[in-house]
Structures are given as structure tokens and as C-alpha cells.
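Report on one structure; see the data block that follows.
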Amino acid sequence: IYENSFGFSDYKKKETLSVNSIFQLASVTKPLTACAVLMLYEEGKLNLDDELTKFFPAFPYKGVTVRLLLTHRSGLPDYMYFADKLWKNRRTPIYNQDVLDLMILYKPQRYYKPDRRYNYSNTKYALLALIIEEVSGMSFAEFMKVRIFEPLGMKNSYVMTFEDLRKNEKPDFVKGYYRPGRVAENH
């Protein structure tokens with residue numbers, strides 16, 4: 001079996017990639033999150049038509065279900081945009097719980113009523129991760145490790161936390177770039 005890597009893990013320092021380099025998968029995690037939600041559904045721990053108020057009683061948007069989050073049809077605004085205005089300390093990372101708290105406190109205007117149309121957004125999957133935590137009693141990172149990564153033999157897969165980034169515990173972590181020399185921010 002041929003195995004090799006090409007390119008840089010750190011463009012500025014010209015550090016090369018290795019077969020052990022760790023990439024941030026960003027939105028590729030959405031299908032894995034959906035898989036985790038469907039596992040909990042199959043176990044009878046949640047229903048796809050459960051409204052979010054079942055999990056988060058103060059959630060201010062009526063008619064939003066787990067199914068609508070999974071399919072990007074909830075009409076909820078993308079936190080990547082409303083948090084820019086509402087998140088006070090830009091040096092502090094925003095966590096999924098912070099997204100929910102901002103939505104409850106400020107009630108940013110939704111894009112449209114639930115199930116009217118498709119709109120890809122990160123907000124939905126931040127909320128699904130919180131539902132997984134609520135229903136399973138485990139952190140999202142631990143659930144993914146114990147229920148998905150380990151059973152599938154995915155030894156080099158994990159949910160990267162802000163603490164991991166701060167501690168730099170993953171020495172082979174690859175920096176992302178949105179163009180040569182311009183490091184992309186980790187969200």
C-alpha cells in the first residue's frame with residue numbers, strides 16, 4: 001500500500017506534512033454528528049420530531065425540531081454572523097453552550113419559519129451537539145470517542161477542543177489556510 005503526504009503543515013515555517021498530520025475536518029464533522037443523533041434516536045432516547053424546547057425549555061424559537069436541525073431547514077440564524085455582534089470578548093472562544101445562551105438572551109431574528117426552505121448553517125449542528133450531551137449525559141467529545149471513533153477503529157480521530165488548542169497537546173496539528181500564508185481562524 002502506497003502511503004505518503006505532500007505540502008506543508010505550517011506554511012510560514014515550511015514544516016512539511018506527514019502521514020500522521022492531524023487535520024481539522026470542520027464541516028465534515030456534521031455527518032458524524034448526525035450519525036450520533038441517529039444512534040440516540042435508534043436507542044429511543046430522542047425523537048426526530050422532538051422540539052428543541054424539550055431539551056432546552058428557554059429556547060425562544062417554536063417549531064424547531066431535531067429533524068429540521070439535521071436537514072438545515074430550521075430557519076435559525078447562523079451564529080457565525082450574529083455572534084460577531086453579540087459576543088463581547090473576542091479573545092474568549094465561543095462554545096456551543098454560549099451559542100444557545102446568546103440565542104436565548106438576544107433572540108436573533110430567524111431567517112425564515114421552520115421547514116420553509118434549506119439554509120446550511122453551523123448553528124444547527126452546535127445545537128445538535130448540545131442535544132447529544134443532554135441526552136447521553138456525556139460531553140460531545142467523549143460520546144464521539146466512545147460511541148463512534150473507538151468502535152470503528154478510528155485511532156487518530158477525535159473532537160478537538162479549545163483546551164487542546166491552548167495546550168497544544170496535538171503536536172502534529174495542521175494549520176488551516178484560506179489562502180497561501182493567511183492562517184484561517186479556528187472556530
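Hey, can you tell me all the residues within segment 114-140 that are in a loop (DSSP other than H, G, I, E, B) and not aromatic (Phe, Trp, Tyr)? Across segment 114-140, the qualifying residues are Pro114, Asp115, Arg116, Arg117, Asn119, Ser121, Gly137, Met138, Ser139. Tell me, please, whether a residue that is touching a residue at least 12 places away in the same chain (Cβ under 8 Å), touching a Lys or Arg at 6+ places or on another chain (Cβ under 7 Å) and farther than 23 Å from Leu100 by Cα can be found in segment 46-69. Looking for residues that are touching a residue at least 12 places away in the same chain (Cβ under 8 Å), touching a Lys or Arg at 6+ places or on another chain (Cβ under 7 Å) and farther than 23 Å from Leu100 by Cα, one finds none in segment 46-69, hence no. Consider segment 116-150 and keep the residues that are within 22 Å of Met80 (Cβ to Cβ) and over 17 Å from the mean Cα position of the chain (by Cα). The one that is most open to solvent (accessible area, probe 1.4 Å) is Arg116.
Scan segment 93-109 and give yes if some residue there is in contact with an Asp or Glu (Cβ under 7 Å, 6 or more places away or on another chain) and not acidic (Asp, Glu), otherwise no. No; the residues of segment 93-109 include none that is in contact with an Asp or Glu (Cβ under 7 Å, 6 or more places away or on another chain) and not acidic (Asp, Glu). Here Leu100 clears all of (1) aliphatic (A, V, I, L, M); (2) closer than 17 Å to Val37 by Cα; (3) under 14 Å from the mean Cα position of the chain (by Cα); (4) not in a loop (DSSP other than H, G, I, E, B) except the condition numbered (2). Count of segment 42-97 residues, restricted to those that are outside any helix (DSSP H, G or I), open to solvent by less than 50 Å² (accessible area, probe 1.4 Å) and among the β-branched types (Val, Ile, Thr), is 3.
Looking at this structure, is Ser21 exposed (fewer than 15 other Cβ atoms within 10 Å of the Cβ) and hydroxyl-bearing (Ser, Thr, Tyr)? Criteria not met by Ser21. One residue alone among Tyr106, Tyr95, Tyr79 is hydroxyl-bearing (Ser, Thr, Tyr) and over 30 Å from Leu152 (Cβ atoms), and that residue is Tyr106.
The values are calculated or read from the model by the stated rules, or taken from the named source; none is laboratory data. Since we're looking at a predicted model, the values are computed, not measured. All Cβ positions, glycine included, derive from the backbone under ideal geometry; neighbour counts span all protein chains shown. Calculation scope for accessible area: heavy atoms of the full protein, side chains included, ligands and nucleic acids excluded. Shrake-Rupley method; radii C 1.70, N 1.55, O 1.52, S 1.80 Å.
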